[in-house]
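Each value in this text was obtained by applying a stated rule to the coordinates, not by laboratory testing. Computed from a prediction, not measured in an experiment: that's the story for all the values here. Cβ coordinates were reconstructed from backbone atoms using ideal geometry, including for glycine residues, and neighbour counts include every protein chain displayed.
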Amino acid sequence: MPRLSLLKPAALAALLMLSGPLLAQEAAIRKVLAERLPTLPKIDEVSKSPIAGLWEVRYGGTEILYSDDKGDFIVISGSIVDTKTRTDLTEARIERLTAVDFDKLPVKDSMAIRQGSGARKMAVFVDPNCGYCKRFERDLAGLKDVTIYTFLLPILGPDSNTKVRDIWCAKEPAKAWRAWMLDGVTPTTAGARCDTAAIDRNLEFSRKHRVNGTPAVFFVDGTRRPGAIPAEQIEQLLVSAQRK
């Protein structure tokens, strides 16, 4: 929205005339949904969707549902898809909401695996018991001139917690990680203890930024991809990220 102080009086009046009904509509939807759905978390934002008569309701930071003009009907789980471009607009919106500035990633809570010059950078969130992560790790190991910030994320059960602890507390965590993921060498610290607060912070980070599965991949240009993407695609995304 343009700064009000820069608008001419006539333009300002027109803008206020347009925004008035919009604000009233947003307030009405907020009120109705809050009354009828008392368990719904506090609504962060109500905004128009690309579909006439359908409103996006954002809550919990990054959760989205859709409502009609009156709040009589809602769509709890579903996506708006642009059939012209075949773009999932809901997914794109969530990606923007959950985007992470790469420079602000808490890399101190990761294992930095440097390959070649290490000039290119990427980050991955992984669970040691994730089969897709093991296949993905083999592709990562073949990349050239890259630094991979590996965040351990134990989300697949108690054994994941044990393995993450043993890897993180190993003398050389990155080597212990690769030995397990690539060669099946069970990590063990023989009862050694270390500060595992970083693992708790990784879990909290994943909740905040909706890292709901592993592997999850982040690139320096803000691009984010879920799943074990193929080696060729990783390379393409690394090249693209360096250009931006």
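Using only Cα atoms, find the angle between the long axis of helix 131-141 and the longest principal axis of the chain, and express it within 0 to 90 degrees, rounded to the nearest 10.
70 degrees
Among K42/K104; K104/K171; K121/K208; K84/K134, which pairs are too far apart, with a Cα-Cα distance over 32 Å?
Violating the 32 Å Cα-Cα cut-off are K84/K134.
Taking the structure as given and computing semi-axes √(5λ) of the Cα gyration tensor in Å, which label from [x] 25, 21, 18; [y] 30, 22, 16; [z] 43, 22, 17 fits?
[z]
So what J values fall out for the stretch 45-53 if you push phi through Karplus, 6.51 cos²θ - 1.76 cosθ + 1.60 with θ = phi - 60°, rounded to Hz, Gly and Pro as x?
The phi angles translate into 7, 10, 9, 5, 9, x, 9, 4, x Hz.
What are the residues whose amide H is under 5 Å from the amide H of V81, where those residues sit 5 or more places off or on another chain and H is modelled from the backbone?
Close amide H contacts, sequence-distant or interchain: L89.
Can you tell me the dipole magnitude for the stretch 140-205 around its Cα centre, using point charges on the Cβ only (Lys, Arg +1; Asp, Glu -1), in Debye to the nearest 20?
Here the stretch 140-205 has a charge dipole of around 140 debye.
List the aspartates and glutamates whose Cα sits under 13 Å from the Cα of K31, skipping any in the same chain fewer than 8 residues away.
By straight Cα distance, K31 reaches D44, E45, D69, D72.
Show that you can apply the helix-only estimate: for the chain, add -39,500 (n - 2.57) for every DSSP H stretch of four or more residues, divide by all residues, and state [θ] at 222 nm to the nearest 500.
Details: 7 runs with 95 residues, N = 244.
About -12500 deg cm²/dmol.
Of Q242, Q25, A231, which is farthest along the charge dipole of the chain in the positive direction, counting Lys and Arg as +1 and Asp and Glu as -1 at C-beta?
Q242
Rounding to the nearest 10 and keeping the result within 0 to 90°, find how far the Cα-based axis of helix 9-36 lies from the longest principal axis of the chain.
For helix 9-36, the angle is close to 70 degrees.
Quickly rank 180-186, 124-130 as a protection proxy: mean count of other C-beta atoms within 10 Å, highest first.
Packing order, densest peptide first, comes out as 124-130, 180-186.
Could you line up R135, R30, R193 from fewest to most neighbouring Cβ atoms inside 10 Å?
R193, R135, R30
Taking the chain as the reference, fit the longest principal axis to its C-alpha atoms, fit the long axis of helix 231-243 to the helix C-alpha atoms, and give the angle between the two in degrees, 0 to 90, nearest 10.
60 degrees
Please compute the contact order of the chain in relative form: average sequence separation of alpha-carbon pairs under 8 Å and at least six residues apart, divided by the residue count, as a percent.
Computed value for the chain: 15 percent relative contact order.
For the stretch 102-243, what is the percent of antiparallel DSSP beta bridges, rounded to the nearest 5?
Antiparallel: roughly 65 percent of the beta bridges in the stretch 102-243.
With +1 on each Lys and Arg Cβ and -1 on each Asp and Glu Cβ, how big is the dipole of the chain about its Cα centre, in debye rounded to the nearest 20? Walk me through the intermediate numbers first.
Numbers: 36 positive and 30 negative charges, 104 e Å.
Roughly 500 debye for the chain.
Which whole-Hz couplings ³J(HN,Hα) result when phi for each residue of the stretch 93-100 is put into the Karplus expression 6.51 cos²θ - 1.76 cosθ + 1.60, θ = phi - 60°, listed in order with x for Gly and Pro?
5, 5, 4, 5, 5, 9, 4, 10
Pop a pseudo-label 7 angstrom from the Cα along the beta-carbon direction at both R243 and D88 and give the gap in nm to one decimal.
Here the answer is 2.5 nm between the modelled labels.
How large is ³J(HN,Hα), in whole Hz, for each residue of the stretch 112-127 in order, when computed from phi with the Karplus curve 6.51 cos²θ - 1.76 cosθ + 1.60 and θ = phi - 60°, using x for Gly and Pro?
8, 9, 9, 10, x, 6, x, 5, 7, 9, 7, 10, 9, 10, 9, 10
Quickly rank 138-149, 196-207 as a protection proxy: mean count of other C-beta atoms within 10 Å, highest first. Mind showing how you got there, number by number?
Details: 138-149: 16.4, 196-207: 14.8.
Ranking, from highest mean packing down: 138-149, 196-207.
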